[in-house]
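Read through the structure below, which is laid out as structure tokens, and then see the notes.
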């Protein structure tokens with residue numbers, strides 16, 4: 001690994017962020033492809049795909065947790081100029097991701113029937129959802145490794161290679177998705193099964209490419225396989241960050257599953273509303289995915305600053321990214337607003353589904369400044385290792401307000417999915433206000449690895465070799 005770039009100048013921030021912005025839009029089109037394809041196969045397929053996708057994201061919370069720990073550990077290690085320690089965390093992250101992906105994929109496949117029954121999926125789409133789910137579980141280990149290796153690239157500020165890989169993966173995914181769903185390009189016609197297998201192929205291809213680059217560039221090597229002695233000292237900080245991050249992701253994804261259940265069980269137009277939610281989320285991703293680029297930049301830059309002991313600089317960089325992201329994405333939401341009906345027509349042929357897509361966009365475009373702000377601030381907390389704030393704020397707003405209010409409005413007062421969508425807007429406002437309070441008044445800079453190591457320091461000495469994460 002070369003000497004890390006730790007600059008926080010505007011030019012350095014832009015150099016880190018613009019490839020991630022492009023990559024998020026590339027991933028946006030990748031996630032849009034199966035939704036568009038499913039819309040051509042029917043509202044039932046689109047609704048089943050939405051449920052299967054959300055369930056798959058629910059099982060990815062462990063990968064997200066490990067990735068959050070890796071972002072904090074690697075970026076702070078580089079900030080402290082502990083290059084070997086960063087390499088050891090990289091190897092540990094990828095090994096954990098692969099093992100956990102195999103474990104979760106096997107569990108998800110064995111418990112498929114129970115999981116889908118628990119979600120109260122409408123009977124008419126259960127067979128389609130079950131088929132898609134089983135295929136998704138085959139690809140889960142590859143999805144874990146692809147996601148975690150992408151995090152490693154970002155944590156080391158190497159953002160061009162994952163952009164190139166993501167572009168190649170998106171092209172392969174689109175060709176495979178269209179080809180196997182409709183029998184194009186000489187490929188067999190598998191219908192909705194082609195959508196699921198395209199996802200597996202894309203994850204496998206991306207994981208292999210990313211790992212090959214990491215091996216070629218010397219980031220992955222037998223020299224950096226962590227010993228048990230090193231894991232005993234180095235793993236606790238990764239776990240300390242990962243546990244609240246995992247619970248935060250678990251709370252968030254389980255909350256979205258409940259939202260899908262609320263929409264799927266509304267008294268009126270449940271299947272069309274579920275299909276509308278699935279498609280609406282993909283359009284909303286046009287705004288949310290760029291926010292994730294700022295989220296990732298914030299986590300890396302904050303980690304570098306705190307690893308080097310520069311707390312004031314961490315706050316300055318965070319606020320700069322927050323301000324820029326909110327302004328840019330709010331302008332994008334304003335530009336999209338007049339074209340909600342046209343966008344709905346692109347993603348569905350069913351008139352009722354189109355109505356619910358437009359309804360979803362009405363509320364969620366209004367929430368753009370709030371959702372963008374909380375997303376960026378969530379990245380700040382990851383970089384600082386203060387992921388328990390994300391757990392408390394995101395979990396509290398989701399389960400304390402969004403879910404009960406969504407049930408009240410969607411099932412009791414309004415009787416339509418519009419009530420659930422309104423609850424999402426209200427909870428986003430509260431969530432963002434709480435995160436802003438944490439940012440300006442909380443002690444989030446006190447949870448960096450420097451503080452952790454200070455607490456664990458024994459006899460005031462550093463241990464050499466692999467036995468210490470300081471190397």
Any pair with Cβ under 7 angstrom, 6 or more apart, that starts in the stretch 74-85 at a residue that is free of Cβ contacts under 8 Å to residues at least 40 places away in the same chain and ends at one that is in a helix (DSSP H, G or I) and crowded, with 24+ Cβ neighbours inside 10 Å: none
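Is it true that residue 243 is over 27 Å from residue 394 (Cβ atoms), out of contact with any strand residue (DSSP E or B) (no Cβ under 6 Å at 6 or more places or on another chain) and in a helix (DSSP H, G or I)?
So residue 243 fails the test.
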Count of residues meeting criterion [at pLDDT below 90 and assigned to a helix (DSSP H, G or I)] in the stretch 442-471: 14
Of the criteria (1) at pLDDT 80 or above; (2) over 30 Å from residue 135 (Cβ atoms), which one residue 234 fails: (1)
Matching option when the condition is free of Cβ contacts under 8 Å to residues at least 24 places away in the same chain, touching a helix residue (DSSP H, G or I) at 6+ places or on another chain (Cβ under 7 Å) and either over 29 Å from residue 300 (Cα atoms) or buried (at least 21 other Cβ atoms within 10 Å of the Cβ) (or both), among 409, 377: 409
Out of 300, 258, 263, sole residue that is touching a residue at least 12 places away in the same chain (Cβ under 8 Å), within 17 Å of residue 76 (Cα to Cα) and under 23 Å from the mean Cα position of the chain (by Cα): 300
Residue match in the stretch 161-174 (condition: touching a residue at least 12 places away in the same chain (Cβ under 8 Å), buried (at least 19 other Cβ atoms within 10 Å of the Cβ) and closer than 17 Å to residue 92 by Cα): no
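The rows are residues; the columns are (1) surrounded by fewer than 24 Cβ atoms within 10 Å (Cβ to Cβ); (2) outside any helix (DSSP H, G or I); (3) at pLDDT 80 or above.
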position: 14; (1), (2), (3): yes, no, yes
position: 25; (1), (2), (3): yes, no, yes
position: 29; (1), (2), (3): yes, no, yes
position: 47; (1), (2), (3): no, no, no
position: 54; (1), (2), (3): yes, no, no
position: 58; (1), (2), (3): yes, no, no
position: 62; (1), (2), (3): yes, no, no
position: 73; (1), (2), (3): no, no, yes
position: 76; (1), (2), (3): no, no, yes
Residue in the stretch 180-199 that is assigned to a helix (DSSP H, G or I), at pLDDT 90 or above and surrounded by fewer than 19 Cβ atoms within 10 Å (Cβ to Cβ) present: no
Tally of residues being more than 16 Å from residue 260 (Cβ to Cβ) and either at pLDDT 95 or above or touching a helix residue (DSSP H, G or I) at 6+ places or on another chain (Cβ under 7 Å) (or both) across the stretch 415-432: 8
Every residue from the stretch 116-134 that is surrounded by 20 or more Cβ atoms within 10 Å (Cβ to Cβ) and at pLDDT 85 or above: 132, 133
Qualifying positions in the stretch 88-145 - free of Cβ contacts under 8 Å to residues at least 60 places away in the same chain and outside any helix (DSSP H, G or I): 111
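The values are calculated or read from the model by the stated rules, or taken from the named source; none is laboratory data. Keep in mind the model is a prediction, meaning the values are calculated, not measured. With ideal geometry, Cβ positions are generated from the backbone for all residues, glycine too; neighbour counts draw on all protein chains shown.
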